[in-house]
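Taking it in order: structure first as structure tokens, then the write-up.
The values are calculated or read from the model by the stated rules, or taken from the named source; none is laboratory data. These figures come from a predicted structure and were not determined experimentally. As a convention, Cβ positions derive from the backbone with ideal geometry for all residues, glycine included, and neighbour counts pool all protein chains shown.
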Amino acid sequence: MSKRLEGIGMTSRRTRMRLVDLLREKGISDERVLAAIGHVPRHIFVDEALAHRAYEDTPLPVGFGQTISQPYIVALMTQVLLERAPKWVLEVGTGTGYQTAVLSSLVQRVFTIERIEELQLRAQERLRLIGADNIRFRVGDGYEGWPAESPFDAILVTAAPPEVPPALLDQLADGGRLVLPVGGEGVQELKVIDRRGDELLTSTVDYVRFVPLLKGVRPVEDT
Ligand code: SAH
């Protein structure tokens, strides 16, 4: 058994439940989401040097200038998404795979796209380790979505584009919901867009800070 795997059970249930209680206090009310946050081991999604901070409600650096999202934001976006009872979900911005793990435990199938191959590979390894087996991975540009697997009941974007990517709207099923931050660097609006036939209904649920959604795939380093 690898050191990493042995480490999975090492955070006390109490530590994780403190985070769950905090999210409840902050207004997360969907018990399914709270249960998912309570059982996904966030410490394996961060560097070992930061593992002791994994159950704080804060984003943490994960390399490549990226961050693992704040648990409250993961919970909020997931809660808003579940209101539409989605089965097939597209996630743009796999990052560490933490949000992917939470989604994977709550919906039938998750399709996840990441532009940095090294991050995607690490995420795959961690998700395999925790037994998440309903996920398909793709290294690609999330601006384009995943046309071959569309339409999706829900789409969640964990990096901020300046405008809503049109391909993602096209790939949203009738009755489907897109949840994404929109705006420039700094503070963005967390938007919820519902498709009803040709009509799109948009609302803003919060203000958030995400890394930018960048165009294109990052070339793999030669080193
Ligand atoms: N949900 C992640 C947070 C990831 S941060 C987690 O909890 O760990 C945002 C991620 O989006 C980064 O990994 C970044 O590389 C990725 N990203 C940025 N632009 C992208 C694009 N156009 N397509 C796919 N992924 C993108």
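For LEU169, are the conditions met, namely being in contact with a Leu (Cβ under 8 Å, 6 or more places away or on another chain) and surrounded by fewer than 20 Cβ atoms within 10 Å (Cβ to Cβ)? Spelling it out, LEU169 is indeed in contact with a Leu (Cβ under 8 Å, 6 or more places away or on another chain) and surrounded by fewer than 20 Cβ atoms within 10 Å (Cβ to Cβ). Looking across the range 115-134, the residues that are within 11 Å of the ligand (Cβ to nearest atom) and either out of contact with any strand residue (DSSP E or B) (no Cβ under 6 Å at 6 or more places or on another chain) or within 14 Å of ALA36 (Cβ to Cβ) (or both) come down to ARG115, ILE116, GLU118, LEU119, ARG122, ALA123, ARG126.
Give the residue that is modelled with the lowest pLDDT, with candidates limited to residues of the range 101-120 that are part of a helix (DSSP H, G or I) and out of contact with any Phe, Trp or Tyr (no Cβ under 9 Å at 6 or more places or on another chain). My answer is GLU117. Residues of the range 137-153 that are part of a strand (DSSP E or B) and aliphatic (A, V, I, L, M): VAL139 alone. Can you spot a residue in the range 47-64 that is within 13 Å of the ligand (Cβ to nearest atom), in a loop (DSSP other than H, G, I, E, B) and touching a Ser or Thr at 6+ places or on another chain (Cβ under 7 Å)? Yes, some residue in the range 47-64 is within 13 Å of the ligand (Cβ to nearest atom), in a loop (DSSP other than H, G, I, E, B) and touching a Ser or Thr at 6+ places or on another chain (Cβ under 7 Å). TYR72 passes every criterion in (1) assigned to a helix (DSSP H, G or I); (2) more than 26 Å from LEU214 (Cβ to Cβ) apart from (2). Quick one: GLU91 ticks every box in (1) within 11 Å of the ligand (Cβ to nearest atom); (2) closer than 25 Å to TYR207 by Cβ; (3) in contact with a Gly (Cβ under 8 Å, 6 or more places away or on another chain) bar one, so which box is it? Going through (1) within 11 Å of the ligand (Cβ to nearest atom); (2) closer than 25 Å to TYR207 by Cβ; (3) in contact with a Gly (Cβ under 8 Å, 6 or more places away or on another chain) one by one, GLU91 breaks only (3). Can you confirm whether ALA154 is crowded, with 19+ Cβ neighbours inside 10 Å and under 25 Å from GLU83 (Cβ atoms)? Answer is yes for this residue. When the test is whether a residue is in contact with a helix residue (DSSP H, G or I) (Cβ under 8 Å, 6 or more places away or on another chain), at pLDDT below 95 and more than 19 Å from GLY176 (Cβ to Cβ), PHE45 does not pass it. Taking the stated definitions as given, is ASP174 over 20 Å from VAL74 (Cβ atoms) and acidic (Asp, Glu)? It is true that ASP174 is over 20 Å from VAL74 (Cβ atoms) and acidic (Asp, Glu). Of all residues in the range 139-153, those satisfying the criterion of being without any contact (Cβ under 8 Å) to a residue 60 or more places away in the chain and within 12 Å of the ligand (Cβ to nearest atom) are GLU144, GLY145, TRP146.
In the range 154-180, the residues that are closer than 15 Å to LEU213 by Cβ and touching a residue at least 60 places away in the same chain (Cβ under 8 Å) form Cβ pairs under 9 Å with partners that are crowded, with 22+ Cβ neighbours inside 10 Å and acidic (Asp, Glu), at six or more places apart or across chains, as follows: ILE155/GLU91; LEU156/GLU91; VAL157/GLU91; THR158/GLU91. A count restricted to the range 183-199 and to residues that are among the β-branched types (Val, Ile, Thr) and over 17 Å from ILE155 (Cβ atoms) stands at 1.
Any residue in the range 67-92 that's free of Cβ contacts under 8 Å to residues at least 24 places away in the same chain: show its pairings with residues that are outside any helix (DSSP H, G or I) and more than 9 Å from the ligand (Cβ to nearest atom) at Cβ separation under 7 Å, as long as the two are six or more apart or on different chains. Final answer for the pair search is GLN70/ASP57; GLN70/THR58.
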